[in-house]
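A.B. asks: Okay, here's the structure, questions in a sec.
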Amino acid sequence: MIGFFELENGEVDLVKKAFPSAYTSTEQLRETDFSSLANCEVLSVFIYTKINEEVLRKFPKLKLICTRSTGFDHIDIDACKKRGITVCNVPTYGDHTVAQHTFALLLAITRKLIASTKSVKQGEFTPSQNLRGTDIHEKILGVIGTGRIGKNVIRIAKGFGMPVVAYDVIKDEKAAKEIGYTYVTLDELFAQSHIISLHTPMLPSTKHIIDRAAIKKTKAGVIILNTARGGLIDTHALYEGLHSGHVAAAGLDVLEEEASSKEEKQLLSKQFQKEIDYRALLLNHMLIQHPNVIITPHNAFNSTEALQRIINTTIENVQAFQSGTPQNTVSS
Ligand code: NAD
């Protein structure tokens with residue numbers, strides 16, 4: 001028996017198509033499910049269902065847990081190991097999605113898209129001086145973090161004819177040669193880039209990687225993009241940079257203190273709760289109101305295709321396990 005929990009309505013049909021006899025629920029796995037589903041051999045959950053020793057004891061036949069997330073800290077991996085239960089995750093789903101959103105922000109800024117469409121809607125069909133944009137062709141892009149998303153951003157940048165410099169603690173020189181970008185020091189990146197785009201995880205080493213001192217090292221007129229995590233930028237420093245005019249514009253999909261969410265899909269959930277930090281709220285409000293700032297609501301991952309990939313990969317994870325060739329295992 002297969003049990004899928006915490007599904008969205010649209011996902012139920014996809015699961016039913018792949019596994020017609022599966023038990024499907026839009027709710028979390030509850031204690032009331034335990035006795036009726038005791039024969040379950042496969043469980044698929046999102047991050048709100050905590051799977052610990054106590055839960056595992058109720059499913060003596062369980063062989064596989066597929067979490068529909070990248071993170072798996074809601075599952076007691078040691079307890080699964082002890083019981084010989086394989087755990088699979090969805091390691092990637094939005095590498096291109098987030099990279100595309102990064103360029104949506106950049107083009108919206110450089111081509112004054114929001115002001116232009118507003119002008120037309122107000123009946124002003126004139127290419128006026130205040131709607132004049134800037135080219136990104138031949139502008140130097142500095143990418144901080146050349147992982148999966150960072151590399152896709154660079155690939156797109158190359159299509160626009162942008163020279164790219166990059167900084168990462170782990171240099172992928174092979175990719176740099178193949179895609180055509182150059183690793184430099186962080187200070188060199190700050191000094192050379194017309195546009196800086198952030199693609200590192202939130203770590204103690206990356207917190208406020210863009211702070212007052214960093215902004216001082218950047219070119220006057222720099223554009224800063226952040227589709228990674230809000231904490232990579234010191235919001236106050238960014239606001240000061242914008243206010244002084246040194247930073248020409250910012251395109252942000254994430255804000256500092258927006259939330260401590262670990263999973264993008266968590267943001268779509270009703271259960272997502274925010275703890276309010278009023279200073280951060282005020283600064284975020286000031287940024288939102290700033291004419292040279294474009295902010296999207298942590299929406300970079302939120303494409304039909306990315307969400308479909310999450311459910312498709314999970315279905316494939318179950319099928320691969322059933323055919324004896326498990327994939328995306330984080331524990332077996
Ligand atoms: P990844 O793990 O593939 O790449 C991260 C890169 O950052 C790695 O190359 C790593 O070496 C580098 N890095 C780590 N510490 C560094 C440091 N101190 N200085 C410089 N580089 C450092 O990750 P990814 O899949 O490319 O994702 C990048 C970020 O995007 C993550 O933080 C992720 O949370 C965020 N993200 C945002 C959204 C969204 O909807 N806005 C969606 C998915 C991912």
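The values are calculated or read from the model by the stated rules, or taken from the named source; none is laboratory data. All values reported here derive from a predicted model rather than from experimental measurement. As a convention, Cβ positions derive from the backbone with ideal geometry for all residues, glycine included, and neighbour counts pool all protein chains shown.
A.B. asks: In segment 287-307, which residues are assigned to a helix (DSSP H, G or I), exposed (fewer than 15 other Cβ atoms within 10 Å of the Cβ) and within 14 Å of the ligand (Cβ to nearest atom)? Write out each step before concluding.
C.D. replies: Initially, segment 287-307 is screened for residues assigned to a helix (DSSP H, G or I), giving 287-289, 304-307.
Narrowing the set further to residues that are exposed (fewer than 15 other Cβ atoms within 10 Å of the Cβ) leaves 288-289, 304-305.
If the condition is that a residue be assigned to a helix (DSSP H, G or I), exposed (fewer than 15 other Cβ atoms within 10 Å of the Cβ) and within 14 Å of the ligand (Cβ to nearest atom), then Glu305 is the only one that fits.
A.B. asks: Let me ask you something else. Do we have Ile310 as touching a residue at least 12 places away in the same chain (Cβ under 8 Å), within 16 Å of the ligand (Cβ to nearest atom) and in contact with a strand residue (DSSP E or B) (Cβ under 9 Å, 6 or more places away or on another chain) here? Talk me through it step by step, then tell me what you get.
C.D. replies: Details: touching a residue at least 12 places away in the same chain (Cβ under 8 Å): yes; within 16 Å of the ligand (Cβ to nearest atom): yes; in contact with a strand residue (DSSP E or B) (Cβ under 9 Å, 6 or more places away or on another chain): no.
It is false that Ile310 is touching a residue at least 12 places away in the same chain (Cβ under 8 Å), within 16 Å of the ligand (Cβ to nearest atom) and in contact with a strand residue (DSSP E or B) (Cβ under 9 Å, 6 or more places away or on another chain).
A.B. asks: Looking at Leu225, Leu203 in this structure, which one is in a strand (DSSP E or B) and either within 23 Å of Ala248 (Cβ to Cβ) or not polar (S, T, N, Q) (or both)? Lay out the reasoning, then the answer.
C.D. replies: Values: Leu203 fails: in a strand (DSSP E or B).
So the residue among Leu225, Leu203 that is in a strand (DSSP E or B) and either within 23 Å of Ala248 (Cβ to Cβ) or not polar (S, T, N, Q) (or both) is Leu225.
A.B. asks: Just checking, which of Val293, Val318 is β-branched (Val, Ile, Thr), modelled with pLDDT of 95 or more and more than 30 Å from Ala79 (Cβ to Cβ)? If you could, list the steps in order and put the result at the bottom.
C.D. replies: Details: Val318 fails: more than 30 Å from Ala79 (Cβ to Cβ).
The unique qualifying residue is Val293.
A.B. asks: If you don't mind, there's one more thing I want to ask. Would you be able to tell me the number of residues in segment 144-175 that are within 11 Å of the ligand (Cβ to nearest atom), surrounded by fewer than 21 Cβ atoms within 10 Å (Cβ to Cβ) and over 18 Å from Phe301 (Cβ atoms)?
C.D. replies: 6
A.B. asks: Being within 16 Å of the ligand (Cβ to nearest atom), over 16 Å from the mean Cα position of the chain (by Cα) and surrounded by fewer than 22 Cβ atoms within 10 Å (Cβ to Cβ) is the filter here, so list the residues in segment 224-257 that pass it.
C.D. replies: Asp234, the sole residue that qualifies.
A.B. asks: Looking only at residues that are within 11 Å of the ligand (Cβ to nearest atom) and in contact with a strand residue (DSSP E or B) (Cβ under 7 Å, 6 or more places away or on another chain) in segment 194-212, which one is nearest to Leu141 (Cα to Cα)?
C.D. replies: To start, the set of residues in segment 194-212 that are within 11 Å of the ligand (Cβ to nearest atom) comprises 197-207, 209.
Narrowing the set further to residues that are in contact with a strand residue (DSSP E or B) (Cβ under 7 Å, 6 or more places away or on another chain) leaves 197-200, 209.
Working: Ser197: 7, Leu198: 11, His199: 13, Thr200: 16, Ile209: 17 Å.
Here the answer is Ser197.
A.B. asks: Any residue at all in segment 173-183 that is closer than 16 Å to Val98 by Cβ and touching a Ser or Thr at 6+ places or on another chain (Cβ under 7 Å)? Outline the logic, then answer.
C.D. replies: Restricting attention to segment 173-183, the residues satisfying the condition of being closer than 16 Å to Val98 by Cβ are none.
No.
A.B. asks: Quick test of your reading of the structure: Gly180 fulfils all but one of (1) more than 16 Å from the ligand (Cβ to nearest atom); (2) in contact with a strand residue (DSSP E or B) (Cβ under 7 Å, 6 or more places away or on another chain). Name the failing condition by number.
C.D. replies: It fails just one condition, (2).
A.B. asks: So, in segment 277-286, of the ones that are in contact (Cβ under 8 Å) with a residue 24 or more places away in the chain and more than 16 Å from the ligand (Cβ to nearest atom), which residue ends up surrounded by the most Cβ atoms within 10 Å (Cβ to Cβ)? Spell out how you get there, then give the answer.
C.D. replies: In the first step, residues of segment 277-286 are kept if they are in contact (Cβ under 8 Å) with a residue 24 or more places away in the chain; the result is 280-281, 283-284, 286.
Next, only the ones that are more than 16 Å from the ligand (Cβ to nearest atom) stay: 280-281, 283, 286.
Numbers: Ala280: 16, Leu281: 14, Leu283: 19, Met286: 15.
Top of the filtered list is Leu283.
A.B. asks: Same structure, new question: Quick check on segment 72-109: of everything there that is more than 16 Å from the ligand (Cβ to nearest atom) and more than 30 Å from Leu62 (Cα to Cα), which residue is surrounded by the most Cβ atoms within 10 Å (Cβ to Cβ)? Lay out the reasoning, then the answer.
C.D. replies: Initial filter on segment 72-109 (more than 16 Å from the ligand (Cβ to nearest atom)): 74-88, 107, 109.
Imposing the further condition that a residue be more than 30 Å from Leu62 (Cα to Cα) reduces the set to 107, 109.
Values: Leu107: 15, Ile109: 24.
Looking at residues that are more than 16 Å from the ligand (Cβ to nearest atom) and more than 30 Å from Leu62 (Cα to Cα), I get Ile109.
A.B. asks: Which of the residues that make up segment 101-133 are in contact with a Lys or Arg (Cβ under 8 Å, 6 or more places away or on another chain) and not in a helix (DSSP H, G or I)?
C.D. replies: Of everything in segment 101-133, those that are in contact with a Lys or Arg (Cβ under 8 Å, 6 or more places away or on another chain) and not in a helix (DSSP H, G or I) turn out to be Lys112, Arg132, Gly133.
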